[in-house]
Amino acid sequence: MDTIRNYLDSLFIGVPESSEIEKLRADLLANMEDHYHELINEGKNEHEAVGTVISTFGSIDELLEELNVEKETASTQSGEQFPSIHLSEAENYWKEYKRASFQLASGVLLSCLSFAGFLFFASYGSPFVGFACLLFGLAISIGFFIVSGMKINQLNRYVHHREVSGKVLAEARLREEKYRRSFGASLVLGIGFCICAFFPVIASLLWYMDGGLGATAFFVTAGIGIFLIIYGSLVWHSYRQFNQSQYTW
């Protein structure tokens, strides 16, 4: 239900406040909530019901015209005109941002694995192989950082200062809500891996285990944890920045 209210609020951004507008907002919210409860009673789950209500609702532009109310947007207030972001563009943005996020997180993981490989082979009498693993892994990691960083920067410039429609905001909120559990799991698992990464090091110090093996395990485990945290956070951010920015950023 909060998603429906937030969607309705996004449609009224830039609309001057008045008693007629408040009545219109209240009537629309009541109709949307009634439709939502009807869909729930028909057996639809919460996400399906919210999506159906939003997709069938449409726009308030005609209603505002009947009330002779002009809606102000950030583009008209600043004097600059920017093309609005359509839902298909937003979906492509999320897809490409997720791919770039995976590349960036993979670069961090590969960097940690490179150090792990170097320590492992150096500890067992193959320093040349370890050094080769380190250089090769870091070279690929840097490539991932450059490509993903340029892609994320390009994506952010593409949507910068462009008007975001109510449907895009609603879809972003739905995706954010659906991803909430996955984001929480990635954070919990990521932090858990980072904490567990210290156990092999502590074990090697307390019980005189092989220090090289403990350090190797540290970089592998910590790398996995950092990968989960970075990837989950970036994907979460790609949805939230639409919701936090309202119509422009």
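Values in this text are rule-based calculations from the coordinates and carry no lab data. Nothing here was measured: the structure is a model prediction, and the numbers come from that model.
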All lysines inside 30 Å of Lys23 as judged from Cα atoms, apart from same-chain residues fewer than 8 positions distant: Lys44, Lys71, Lys167
Where a ≥ b ≥ c are root eigenvalues of the Cα gyration tensor, a/c under 1.5 meaning rounded, otherwise prolate if a/b exceeds b/c and oblate otherwise, the stretch 170-234 counts as prolate
How long are the three semi-axes of the equivalent ellipsoid for the stretch 82-212, computed from the Cα gyration tensor as the root of 5 times each eigenvalue, in whole Å, largest first? 41, 20, 8
Where the centre of each part is set by its Cα atoms, how far does the stretch 154-189 sit from the stretch 88-119, in angstrom? 18 Å
